[in-house]
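Have a look at the structure below before the remarks.
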């Protein structure tokens, strides 16, 4: 995975760095963030060229501790320095802050090193929360319409603030693949649907458990591919991934399957950094599937976990060859296809791409329009509280967002919905 990211993102092919050695566990302290000495902080973007040397290929060993939380070698007693193998050329390419040690990361985020260790569960056994109360996430199981359950992991206030800093100051600076349209500035479900308008056939896939499928090692590889040292990449990954606490409550009936999906440290659905990291982790998937589609003279786009291909009659006749190749690429990229959701839709049928009808032009489906119209009508007659079944915190903004989506596709229908919305008594 790391080699793919190096070659595809930067046009290089460097050797894969070695895995970090297990860290020793410090005493447990979970009730509050540890208090430590206050150190002078640098301005957030003064880190870009802070050090004068360039990357090295291996971790160095020293008898002196180079930075806090550097790992000791259990045999020799030497300390392992994993902060020296950063690549400033890549960091400069995307104008990323040059963070090499935990102290650099803490200074850049303007938090203490003790709070940084607390947020990453650095002092806990296996680097995971010892209990539900000690976790930095709120956990909530949501039932899927298609069956089963999905875990929503919303970061608590302090971790959310740190993740928003990482999103704005780091991840938003790195572009996703051109075929990725979900959670990318300037792209939307409309831009995702546009390449598939008026095609003879539309082939759609759904990736199963998309966020939990992006595991710890894969996220480390993303940060390493951007140029960060192994030490910085590990701390960045622990700030942006989630590990479930022991005795996590599970929905009835599917406990064993859900444990397998969420047991390992993974991207949490609900964290502000997860969509960007998911797009970057799927970069090689997008490259390979886009290349495959081009070889069949077809189109390819991805919106989060929705994969869509389309083409002319020649592409339709070659699907028996094309589909197994897609399955092979997805498996090799360590994702799982939801086989029950694969669809092949010809032009004579209603072709939907992420909820957008694409037979002749991008348009809202009649069923979706009728559902929203009925909801607005009931809000006028019975009050908005009667229709807020999913308990949206800002139901007014939620409905206005749905109307705005319709306006992108069909302004005339959106005006009818807006007139209904304006009659609701909030």
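Worth pointing out:
- Which numbered condition residue 329 misses (of (1) in contact with a strand residue (DSSP E or B) (Cβ under 9 Å, 6 or more places away or on another chain); (2) assigned to a helix (DSSP H, G or I)): (1)
- Filter result for the condition that a residue is without any contact (Cβ under 8 Å) to a residue 24 or more places away in the chain and over 20 Å from the mean Cα position of the chain (by Cα), over 147, 198: 147
- Test for residue 305: is it surrounded by fewer than 23 Cβ atoms within 10 Å (Cβ to Cβ), out of contact with any strand residue (DSSP E or B) (no Cβ under 6 Å at 6 or more places or on another chain) and under 21 Å from residue 204 (Cβ atoms): no
- Every residue from segment 331-346 that is crowded, with 18+ Cβ neighbours inside 10 Å and over 21 Å from the mean Cα position of the chain (by Cα): 345
- If you check 124, 110 for being crowded, with 16+ Cβ neighbours inside 10 Å and more than 18 Å from the chain's Cα centre (by Cα), only one passes: 124.
- Filter result for the condition that a residue is over 26 Å from residue 148 (Cα atoms) and either free of Cβ contacts under 8 Å to residues at least 40 places away in the same chain or touching a helix residue (DSSP H, G or I) at 6+ places or on another chain (Cβ under 9 Å) (or both), over 332, 284: 284
- Some residue of segment 376-399 being closer than 25 Å to residue 181 by Cα, crowded, with 18+ Cβ neighbours inside 10 Å, within 27 Å of the chain's Cα centre (by Cα) and in contact (Cβ under 8 Å) with a residue 12 or more places away in the chain: yes
- Unmet requirement for residue 101, which otherwise passes all of (1) modelled with pLDDT under 95; (2) surrounded by fewer than 18 Cβ atoms within 10 Å (Cβ to Cβ); (3) over 20 Å from residue 265 (Cα atoms): (2)
- Which numbered condition residue 302 misses (of (1) modelled with pLDDT under 95; (2) within 23 Å of residue 269 (Cβ to Cβ); (3) not in a helix (DSSP H, G or I)): (1)
- Test result for residue 133, surrounded by 21 or more Cβ atoms within 10 Å (Cβ to Cβ) and over 23 Å from residue 229 (Cβ atoms): no
- Listed by position, the helices (runs of 4 or more DSSP H) enclosed by segment 137-248 that each have at least 3 residues that are in contact with a helix residue (DSSP H, G or I) (Cβ under 8 Å, 6 or more places away or on another chain) and crowded, with 19+ Cβ neighbours inside 10 Å are 157-169, 216-225, 230-240.
- Test: residue in segment 253-262 that is at pLDDT below 95 and not in a helix (DSSP H, G or I): yes
- Residue in segment 349-371 that is modelled with pLDDT under 95, surrounded by 14 or more Cβ atoms within 10 Å (Cβ to Cβ), in contact with a helix residue (DSSP H, G or I) (Cβ under 8 Å, 6 or more places away or on another chain) and at positive phi present: yes
The values are calculated or read from the model by the stated rules, or taken from the named source; none is laboratory data. This is a predicted model, so every value here is computed, not measured. All Cβ positions, even for glycine, are placed from backbone atoms using ideal geometry, and neighbour counts span all protein chains on display.
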